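Undergrad: I'd like to ask some things about the structure below.
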Amino acid sequence: MKVSIGWLKQLVDLKVSMEQLVTLIPMRTIGLKETTKDFIELDMKGYNRADLLSMRGVARDIAAITDSKTNFSDKNPKDYTWVGKNLPEVKIQIENKELCPVYCVAKIEGLKVGKSPNDVVKKLADSGIRSIDNITDITNLLMMEYGQTIHSFDATKVADETMIIKLAKKGEQFTTLDGKNRVLTDEDLLIADPKKILSLSGIMGGKDSEITESTNTILLEVAIFDPVSIRKTSQRFNLYSEASKRIQHGLTKTNLLQTLDTAIRMYQQLGGKLTAISLVGDLTDVLRKVKLTRKKLNSLVGIDFTAEQVEEYLKKLGFTLASQGETLCAWEVTVPYWRLDINIEEDLIEEVARMYGYEKIPPQKLRGKLPPKIDQRLFNLIYDLKSALVKVGLTEVQTYSFYSTDVLNNLDWDKQSLVMVANPISTETEYLREDLWPNLLEVAAKNIKHGFKDVAIFEVGKVYLPQKSDLPKEPYRLSIALCNGGENPSLELYQIFQKALKHLAGEKMQLHLRGGGKGLYENKYFHPKRFAFLDHKDQPIGGVAEVHQRFSDKFGIEKRVAVLEIELT
Amino acid sequence: MEEKISRIQKEYLEKIKQVLTLNDLDEIFLELFGKKGQITLLPKQFPRLIKAELKIVTPYFNKVKAELELTIRKRREEVREESYRKLSEEKFDLTKPLIIKKRSGHLHPLTQFEKKIADIFSKLGFQQYDAPQIDTDYMTFQVLNIPENSPARDLQDTLYIDNKNAGFQKEKLVLRSHTSNSEIRVMKQFKPPLRLMNIGRCFRYENLDARHEHTFDQFEIVYIDKGVNMGNLQFLSEYFLKEVFGTEIRARLRTKYYPQVEPGAGIDGLCIFCKGNGQWCKVCGGVGWLELGGAGMIHPVALKNGGIDPNEYSGLAWGISPERMVMIIEGIEDIRLFRSGDLKFLEKF
């Protein structure tokens, strides 16, 4: 959210300097992405504060944290532009009420398309929005101010001036404003007229009903759509508009009415005339009440707040408090309509804590009994083993949990047995590893290419093995790779490993060799003679082998490479 | 000209057939395709030819060129297969006495740092706990107050598992995008008081660049007891920074939203380079503080889902990114180096 500094100053009588403000916002409200002389950008990624997607919401919070006053009323005016006018209705058919609980359309005639005044263009530019024409700009300006999405259709292009809200038919096609043709599913909510689709609800309009130079009558839409439905459609088309972002975070009816009223007034100033209006749906916000006790507040923050402090902080933020008696030290707190993120006592506690300032909360040592000991053997074994391997001259590497395309292609790996990513970033992150040594072979090749004559590396990490009726198994494995320039590296590798095991204090790992035989490590990847199982307590836990030259050749390694891999338990 | 080409073709096809070693084959390749190779030089004479002649010579030359290349490649495979067959005659002996080469080994910088912080927190009674890296969407998100289709999911672009291959059909699986999937497991497995830490690999849908990785580690501690509060968050943050960086480094909490905690906090540390007063400090960008991690009081919904009564107990979660810390401390500018396997990088540690 880009907050225009000039606009913000119109909405709040700021009692602090901009410099002070930009240090305070991240401490009290939200992190900042960027600060320029024209705007400050709030880091909204994943945030739950719907109100901060509007200039008014931002102004309210900034007023609260800087002890300043806003210059606008939070209450709805009584004299809405349409009240008592006896206007005809715009024809609206809502086929799916759950997905569109509120739908309002105003018809405005007598407009003339032209340029917007400079101050509007500047406000929009600061907000990161390009000025288009005076009619469209009003919708964008109000969306920024109130956080309510608003869309204008050229009335002459809406057949029978009838708006229909319905789900698309599977396979139906629609070209959005950005010129892309979209194939719809039966989960996508549409605005249509009796003949054609007008817009992908709350996300993007279509080319056909766009405002053009000749537009003089518009149908102005302000509505509330189901956030989940809009989010799904946005995700499916990878189409995230300023409007869809706001719908996903949640809209309020009070904002909606204020937006509609202000829009009509602004169009009237352009010479427009309101000639029809329809308001469909329940138009009053239900205010939530949340209980707050000082006991819970103080125990969670670790500070003794006074009742006055609590009341002062919350009132500044627009909450109203009804005390439930001095002795109880509890309040019934009414949440202002614009704070959709406040639902439970802990949410209120955060409000009090941030108004006080997290940075002022004094540190408190951990008290209470230490929990009973739990098994730490595996973690200790892993670290001790790593240290021992380093002592005997190996270097630890960490590789991705995936098999790269080079590994898969060079080794012609059987992908059927691998855990697979459903939405890989690229083919390099599509398949999860089931052994470590192929990644070590790849790392060895890279380093040899970079001029290393001797590569002695190991990795300890998880591999991922599918299981029929449970999560994939994720055992920790150790793998070692050695390319020492000689003709028989497995000999040195094995002795390095044995030496490392001797360093392992306490954990006696007696491994036995079981050469030859058929099974686990006799496969095409290894030297026909040079491979052996490693057993621990008569159970095979891995093996040691020379990589078959056919495969080291594929990685461009001319020398012999030996690998070892065992499971750690 | 045609004759010349035909002569080269005959001569070299025969030579290639006779070759027995890769070295000899390389030599032949150079004789033909090297800088002064016969095939390389031949087209330089083409401009002297008349048009009609050229029409015949050019395609013929190209055909021969391709044929020679292919024959060399095939022969190379054959020579290799020949040598592969000889592997069966080699011996395997792992016990023959041998002097192990002297090498200097290196622990991965992340291992070193993670061990350090695990030791720091084990002094306060925190113990390690492991959790799966592939987990259900339910355990990773929903149970922690992160429902499907909530905008909070945008914080973590998630990699999902294709259930077809995983064999586990019942639930949606993810590559965990944070270590917090351990939270619910420890709450269910142990009774409070709880002091646990999870260090491990996480994954996100990120395109790689110097600042972004799809694979990274997280370090997270979970502390649940009666009366756990935000003062404890401040204490743990300071304790950590002082143990890692020394006494003059202060910690600062600031408001931050994470769906699995309420209240949520961002953890800043006084910039370790300019100590908070460097206007021109490159590391902190002149802010004086560095964003180091995230924390908060465990959301009552998460506590309840873990079988813990939020009216009796409270808990905190506190986490940092080991990569980010090591990058700051060591002045590493490219996060991809950690998993590159690049020995030039790893041997510095």
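Only the coordinates and a few stated rules stand behind these numbers; no lab work does. Treat the numbers as computed from the prediction; the structure is a model and nothing was measured. Ideal geometry is used to build each Cβ from the backbone, glycine not excepted, and the neighbour counts take in all protein chains shown.
Undergrad: All other residues with a Cβ under 11 Å from the Cβ of residue A:368 taken together, and with Lys, Arg as +1 and Asp, Glu as -1, what is their net charge?
TA: +4
Undergrad: Just want the ordering: B:19, A:83, from fewest to most Cβ atoms lying within 10 Å of their own Cβ.
TA: A:83, B:19
Undergrad: Also, I was wondering about something else. What are the principal axis extents of the Cα atoms in region A:187-254, in Å, biggest first?
TA: In descending order, the Cα extents are 35, 29, 22 Å.
Undergrad: In nm, to one decimal, how far is the modelled label at residue A:195 from the one at residue A:34, with both set 7 Å along Cα→Cβ?
TA: Label-label distance for residue A:195 and residue A:34, simple model: 4.3 nm.
Undergrad: Further question on the same structure: Quick one: P(r) of the protein assembly as shown from all Cα-Cα pairs, 20 Å bins, percents rounded to integers, in order of increasing distance.
TA: Result returned by the calculation: 12, 34, 30, 18, 5, 0.
Undergrad: For region A:91-280, list log₁₀ I(q)/I(0) at each q in 0.11, 0.13 Å⁻¹, using the Debye formula over Cα point scatterers of equal strength and ignoring solvent, two decimals each.
TA: So the normalised log intensities are -0.44, -0.62.
Undergrad: Please sort by residue number the trypsin sites (Lys or Arg not before Pro) in region B:240-349 whose DSSP state is loop and whose Cβ has at most 12 other Cβ atoms within 10 Å.
TA: Counting only loop positions with at most 12 other Cβ atoms within 10 Å, the trypsin sites (Lys or Arg not before Pro) in region B:240-349 are B:282, B:348.
Undergrad: Full-extension gain between residue A:265 and residue A:334, please, as 0.36 nm times their residue separation minus the C-alpha to C-alpha distance. Before the final figure, lay out the partial values.
TA: On the way: separation 69, 0.36 × 69 = 24.84 nm, distance 3.11 nm.
Contour length minus the Cα-Cα distance gives 21.7 nm.
Undergrad: According to a simple spin-label model (label point 7 Å from Cα along Cα-to-Cβ), what is the distance in nm between residue B:74 and residue A:554?
TA: Here the modelled spin labels are 2.2 nm apart.
Undergrad: If you don't mind, another one. How many nm is it between the label spots at residue B:49 and residue B:208, if each spot is 7 Å from the Cα in line with the beta carbon?
TA: In this crude spin-label approximation the distance works out to 4.6 nm.
Undergrad: Cross-link partners among aspartates and glutamates for residue B:348, C-alpha distance below 13 Å, same-chain residues fewer than 8 apart left out?
TA: A:396, B:330
Undergrad: Just name one of A:54, A:536, A:325: the one whose Cα is farthest towards the positive end of the charge dipole of chain A (beta-carbon charges, Lys/Arg +1, Asp/Glu -1).
TA: Highest projection toward the positive end goes to A:536.
Undergrad: Which Cys residues of the protein assembly as shown have no other Cys Cβ less than 4.7 Å away and so no disulfide-compatible partner by this rule?
TA: A:100, A:104, A:329, A:483, B:202
Undergrad: Can you give the mean number of other chain Cβ atoms that lie within 10 Å of the Cβ atoms in peptide A:349-360? Before the final figure, lay out each step's value.
TA: Values: counts 4, 10, 2, 1, 6, 6, 1, 0, 3, 13, 8, 2.
Neighbouring Cβ atoms belonging to other protein chains average 5 per residue here.
Undergrad: Please arrange A:448, B:56, B:100 by how many other C-beta atoms lie within 10 Å of their C-beta, fewest to most.
TA: So the ranking, lowest neighbour count to highest, is B:56, B:100, A:448.
Undergrad: Follow-up. In peptide B:334-346, how many Cβ atoms from other protein chains are near each Cβ within 10 Å, on average?
TA: Values: counts 0, 0, 0, 0, 2, 7, 7, 16, 5, 14, 4, 1, 7.
For this peptide, the per-residue mean of nearby foreign Cβ atoms is 5.
Undergrad: Among bridges DSSP assigns within chain A, what percent are antiparallel (round to 5)?
TA: On the way: 85 of 91 bridges.
Antiparallel bridges make up about 95 percent of those DSSP assigns within chain A.
Undergrad: Filter the GluC sites (Glu not before Pro) in region A:126-197 to those in DSSP coil with at most 13 other Cβ atoms within 10 Å of their Cβ, and list the result.
TA: A:187
Undergrad: How long are the three semi-axes of the equivalent ellipsoid of region A:289-360, in whole Å, if each is the root of 5 times an eigenvalue of the C-alpha gyration tensor, listed from largest down? Write out the running numbers ahead of the final one.
TA: On the way: eigenvalues 54, 45, 23 Å².
Square roots of five times the eigenvalues give 16, 15, 11 Å.
Undergrad: Pull out the extension gain between residue A:321 and residue A:78, defined as 0.36 nm times the separation in residues minus the alpha carbon to alpha carbon distance; nm, one decimal. All intermediate terms of the calculation are to be shown ahead of the outcome.
TA: Numbers: separation 243, 0.36 × 243 = 87.48 nm, distance 2.50 nm.
This chain segment gains 85.0 nm when fully extended.
Undergrad: Here are some pairs, B:4/B:65; A:170/B:164; B:164/B:188; which of them have Cα atoms lying more than 21 Å apart in this structure?
TA: Over 21 Å Cα-Cα: A:170/B:164; B:164/B:188.
Undergrad: Just going by the charge dipole of region B:7-54, with Lys and Arg at +1 and Asp and Glu at -1 on Cβ, which of B:42, B:20, B:52 is farthest out on the positive end?
TA: Farthest towards the positive end: B:52.
Undergrad: Over the Cα atoms of chain B, what radius of gyration and what Dmax do you get, in Å?
TA: Here Rg and the maximum Cα pair distance are 31.8, 99 Å.
Undergrad: If you average the C-alpha positions of region B:202-261 and of region B:329-349 separately, how far apart do those two centres end up, in angstrom?
TA: With region B:202-261 and region B:329-349 each reduced to a Cα centre, they are spaced 22 Å.
Undergrad: Loop only by DSSP, 14 or fewer other Cβ within 10 Å of the Cβ. Give me the trypsin sites (Lys or Arg not before Pro) in region A:357-389 that pass, ordered by residue number.
TA: A:365, A:367, A:369, A:373
Undergrad: Ok, one more. Along the Cα-to-C-beta direction of residue A:524, a point sits 7 Å from the Cα; which residues of region A:532-566 have their amide N less than 17 Å from that point?
TA: Output list for this probe position: A:547-555.
Undergrad: Taking beta carbons within 10 Å but only from partner chains, what does the mean come to for residues A:215-226?
TA: Per residue, the number of nearby Cβ atoms from other chains is 0 on average.
Undergrad: Return A:413, B:318 ranked ascending by Cβ neighbour count within 10 Å, so the fewest neighbours appear first.
TA: Ordered by Cβ neighbours within 10 Å, fewest first: A:413, B:318.
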